[in-house]
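Right, one structure below, let's go through it.
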Amino acid sequence: MRLLSLIAPTLVLLLGLLLPRPAIAVLPAEVFAGGGYLVSQNERVILAQNPAGLLIPASTWKIATALMALEQLGPDFRYQTHFHLAGNRLYIKGFGDPGLVSEEVAAIAGQLADRGLREVGDLVLDDSFFQLEQPGPDGSGGSLRSYDAANDALAVNFNTIKIEVQADGRVISAEPQTPTLPIMQTMAADRPAGIHRLNVSQDRERSRRYSGELFKHLLAEQGIVVHGEIRAGLTPADAPLLYRHQSSRTLADTVREMLLYSNNFIANQLYLTCGAQTAGAPATWEKGRLGLEDFLDRIGLAPGSFIVAEGSGLSRANRISPASLGLVLERFRPYAELLPFWQGRLVKSGTLQGVYAYAGFFRRDRELDPFVVILNQPANTRDRALDLLEEQWLLIQATAGFKPDSGPGH
């Protein structure tokens, strides 16, 4: 019975391929040279080609990571960051909050001031909740580009920094919410005049320095002086808890932002958090991988229909079949509105070199019909492929008497 419960969803979807349906021509060769696609309705496949192919999904993979986080942690989950005071040292213990941006740090500083904190010696950063085998996920190039930012338990601003190098050589913050910090001058070395967003995490000590400098500056704005140094360290077990901060963002908010901006950093923070929740702290890449594998097994994806390398879709080692991604979408229905709304569809895109994908939902009479297009081919024809699939889907709706839904509020 256990085996049957695991494979039943996959059987339902794949058997839909054998049921009678309108005769639909496959996508033309100039549009679809390689990959697979699938459209389903009421858990019955109505359009498909190569639905069992094991393909590189790029960032459509984020839907699987999002689903795991939403089901495992809950849409109302909020990340925490803890502040302990011991021996005149302020310990900041991070738990992987991907939303620890400048505005959030400023709010934290205000809360600490409200609790009477006026001065501290050292500022001690405790990022021990993550013990990663390598700084970035599989597929990360380790470049200064923001999409290669490494994951960390106590990173600020997604481990990226936005600076403006002015014509006279001065360096300032390029964001009004982020103060100009000493590290910005370091990051600006040999950069031409202009605005640059850079990944600070190639060097972990530099990442810690960035977090520490941001906290120190925003604490000072609230009248809290740091007299000592910024350093890494472990929070003593008996250190009194001064403040337990809960993120202003719910997990649903975080997932919506992650899907809209296709943020690799956020996706892997969720992936690592879920792995640690399942297997226990500290978070590791391996625990994240095993956690997502187990989750996809439990929701009924067929063995061999996916391969997990990391949580964002950045790795070309991630694989999934259109049929299995379709099953993920079926399960994602309660959270469908977290997907970006684009041209009347709820859709997540995915792009790597030679990989062009869409996954999401067409709308009909307030119902949602999942679609998957994964092209593993040199030419980016995914827009045309999706348009053609939608045209065929509309023909099917016309024969069935359904009307497409025009979107939210309509």
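The values are calculated or read from the model by the stated rules, or taken from the named source; none is laboratory data. In this text, all values refer to a predicted model and were calculated from it rather than measured experimentally. Cβ atoms come from the backbone with ideal geometry, glycine included; neighbour counts cover every protein chain shown.
Okay, here's what the table says:
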read-out: Check on TYR335, buried (at least 24 other Cβ atoms within 10 Å of the Cβ), in contact (Cβ under 8 Å) with a residue 60 or more places away in the chain, aromatic (Phe, Trp, Tyr) and assigned by TED's automatic domain parsing to the domain that holds ASN376; value: no
read-out: Residues of segment 127-183 classified as of a type in the set (Ser, Thr, Tyr) and farther than 28 Å from VAL355 by Cβ, total; value: 4
read-out: Selection from segment 338-350 of residues that are over 25 Å from LYS287 (Cα atoms) and either of a type in the set (Phe, Trp, Tyr) or within 16 Å of the chain's Cα centre (by Cα) (or both); value: LEU338, LEU339, PRO340, PHE341, TRP342, VAL347, LYS348, SER349
read-out: Cβ-Cβ under 6 Å pairs, at least 6 apart or on other chains, segment 41-60 side assigned by TED's automatic domain parsing to the domain that holds GLY326, far side hydroxyl-bearing (Ser, Thr, Tyr); value: GLN49/TYR37; ALA52/SER321; GLY53/SER321; LEU54/SER321; ALA58/THR351; SER59/SER262
read-out: Tally, over segment 132-173, of residues that are farther than 16 Å from SER312 by Cβ, surrounded by fewer than 23 Cβ atoms within 10 Å (Cβ to Cβ) and without any contact (Cβ under 8 Å) to a residue 40 or more places away in the chain; value: 11
read-out: Residues (small (Gly, Ala, Ser) and free of Cβ contacts under 8 Å to residues at least 24 places away in the same chain) located in segment 178-205; value: ALA189
read-out: Among the candidates THR160, THR180, residue that is touching a strand residue (DSSP E or B) at 6+ places or on another chain (Cβ under 6 Å), under 25 Å from ASP122 (Cβ atoms), hydroxyl-bearing (Ser, Thr, Tyr) and not assigned by TED's automatic domain parsing to the domain that holds ASN268; value: THR180
read-out: Considering residues of segment 96-122 that are assigned to a loop (DSSP other than H, G, I, E, B) and within 24 Å of the chain's Cα centre (by Cα) only, the residue surrounded by the most Cβ atoms within 10 Å (Cβ to Cβ); value: LEU100
read-out: Residues of segment 174-209 satisfying the condition of being in contact with a helix residue (DSSP H, G or I) (Cβ under 7 Å, 6 or more places away or on another chain), loosely packed, with under 15 Cβ neighbours inside 10 Å and within 24 Å of GLY96 (Cα to Cα); value: GLN177
read-out: Qualifying residue in segment 317-329 (condition: among the aliphatic types (A, V, I, L, M), surrounded by fewer than 19 Cβ atoms within 10 Å (Cβ to Cβ) and within 19 Å of ALA58 (Cα to Cα)); value: yes
read-out: Residue among ARG298, ARG249, ARG256, ARG289 that is charged (D, E, K, R) and within 22 Å of GLN111 (Cα to Cα); value: ARG249
read-out: Filtered residues of segment 335-369 (kept if part of a strand (DSSP E or B), farther than 24 Å from ALA317 by Cα and at pLDDT 95 or above); value: PHE341, ARG345, LEU346, PHE361, PHE362, LEU368, ASP369
read-out: Top-ranked residue of segment 68-95 - restricted to ones that are over 16 Å from LEU218 (Cα atoms) and of a type in the set (A, V, I, L, M), ranked as surrounded by the fewest Cβ atoms within 10 Å (Cβ to Cβ); value: ALA86
read-out: Strands (runs of 3 or more DSSP E) contained entirely in segment 158-226, each with at least 2 residues that are touching a Lys or Arg at 6+ places or on another chain (Cβ under 6 Å) and at pLDDT 95 or above; value: 160-165
read-out: Some residue of segment 320-332 being within 25 Å of the chain's Cα centre (by Cα), assigned to a strand (DSSP E or B) and modelled with pLDDT of 95 or more; value: yes
read-out: Top-ranked residue in segment 227-243 [being part of a loop (DSSP other than H, G, I, E, B) and not small (Gly, Ala, Ser); ranked as surrounded by the most Cβ atoms within 10 Å (Cβ to Cβ)]; value: THR235
read-out: Number of positions in segment 174-217 that are under 16 Å from GLU104 (Cβ atoms) and under 27 Å from the mean Cα position of the chain (by Cα); value: 11
